[in-house]
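A.B. asks: Here's a structure for you.
Coordinate-derived values only; no laboratory data. Here the structure is a predicted model, which is why all the values come from computation and not from measurement. Neighbour counts run over all protein chains shown; Cβ positions are idealised from the backbone, glycine included.
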Amino acid sequence: MLKLERIKAVSLDLDDTLWPVWPTITRAEQALHEWLVINAPPTAALYASPQALRDIRDAVGRQRPDLAHDLTALRRESIRLALSTAGDDPQLAGPAFEVFIAERHNVSFFPDALPALQFLAARYPLVSVTNGNAELSRVGLAPFFVASIAALKIGVSKPHPRIFQAAAEAVGVQPHEVLHVGDDAVTDVLGAHEAGMQTVWINREGAAWPHAQRPHLEVADLGGLVEVLA
């Protein structure tokens with residue numbers, strides 16, 4: 001581990017740091033499919049499972065690298081393509097996406113998340129940094145944060161340094177004064193380190209660290225981070 005220096009702000013990843021993301025996405029895709037069964041039966045029949053909807057979303061992602069930083073646009077475009085392919089009205093993509101995104105915000109926090117946010121927010125300005133399309137206000141976390149940085153607004157995804165630099169600027173500090181907290185070794189830890197930040201790896205699975213450049217701190221959950229900072 002590296003030595004932590006003076007911290008003036010904390011940035012946090014959202015998906016898989018504050019809540020498990022894939023159960024949430026699975027529920028959202030199921031809700032989308034159920035909506036299609038009622039409102040676009042040919043599409044629901046052609047893409048007969050939530051997994052099929054995920055597959056077409058992944059296919060669009062490969063075909064449209066220009067949308068890699070904007071998961072909202074990517075998901076909406078994949079729904080539009082599914083509707084068009086099945087012969088349904090592609091304009092249904094708008095209301096269909098709203099069904100998906102509403103359930104995508106129905107998250108279940110890790111037990112350590114809210115106590116840690118209360119602790120951190122009382123001591124540091126917090127800024128969220130995400131490649132996803134979850135909004136703080138829609139998951140009830142806006143009171144803890146002074147700013148939110150999303151790839152779909154910045155135009156690049158983590159681990160690009162620009163998104164981390166934007167986070168530091170949003171709270172008025174230098175990158176080296178920010179402690180970035182996240183679960184992904186590459187997009188969070190290596191990306192934030194490259195941008196000059198101090199880093200915390202949330203290693204909930206007990207995995208071995210896979211890279212030469214190490215995080216400043218590794219903890220099993222956000223409660224471990226609170227213990228260190230307390």
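A.B. asks: Treating the beta-carbon of each Lys and Arg as +1 and of each Asp and Glu as -1, no other charges, what is the dipole magnitude of region 22-104 about its Cα centre, to the nearest 20 debye?
C.D. replies: It works out to roughly 160 debye.
A.B. asks: Mind jotting down the distance between the C-alpha centroids of region 49-77 and region 164-230, whole Å?
C.D. replies: 28 Å
A.B. asks: With a 10 Å radius around each residue's Cβ, average the other Cβ atoms per peptide and rank 83-90, 9-16, highest first.
C.D. replies: Ranking the peptides 83-90, 9-16 by packing returns 9-16, 83-90.
A.B. asks: Using mean Cβ contacts within 10 Å as the protection proxy, how do 136-142, 148-154, 125-131 order, highest first?
C.D. replies: The most tightly packed comes first, giving 125-131, 148-154, 136-142.
A.B. asks: In nm, what is the difference between 0.36 nm times the number of residues separating Gln91 and Val228 and their Cα-Cα distance?
C.D. replies: This chain segment gains 44.2 nm when fully extended.
A.B. asks: Nothing charged except the Cβ atoms of Lys and Arg (+1) and of Asp and Glu (-1): what's the magnitude of the dipole of region 37-165 about its Cα centre? Round to the nearest 20 debye.
C.D. replies: With Lys and Arg at +1 and Asp and Glu at -1, about 380 debye.
A.B. asks: About its Cα centre, how strong a charge dipole does the chain have in debye, to the nearest 20, once Lys and Arg get +1 and Asp and Glu get -1 at the Cβ?
C.D. replies: Around 340 debye, computed over the chain.
A.B. asks: Could you tell me which of Phe110, Ala52, Ala192 has its Cα farthest along the dipole of the chain towards the positive end, charges placed at Cβ (Lys, Arg +1; Asp, Glu -1), taken about the Cα centre?
C.D. replies: About the Cα centre, the residue reaching furthest to the positive side is Ala192.
A.B. asks: Here's a follow-up. Calculate the spin-label point distance for Asn39 paired with Ala212, positioning each point 7 Å from the Cα along the beta-carbon direction, and give it in nanometres.
C.D. replies: 5.2 nm
A.B. asks: Tell me which of His216, Val156, Gly172 sits at the most positive position along the dipole axis of the chain, charges placed on C-beta atoms (Lys, Arg +1; Asp, Glu -1).
C.D. replies: Most positive-ward Cα: Gly172.
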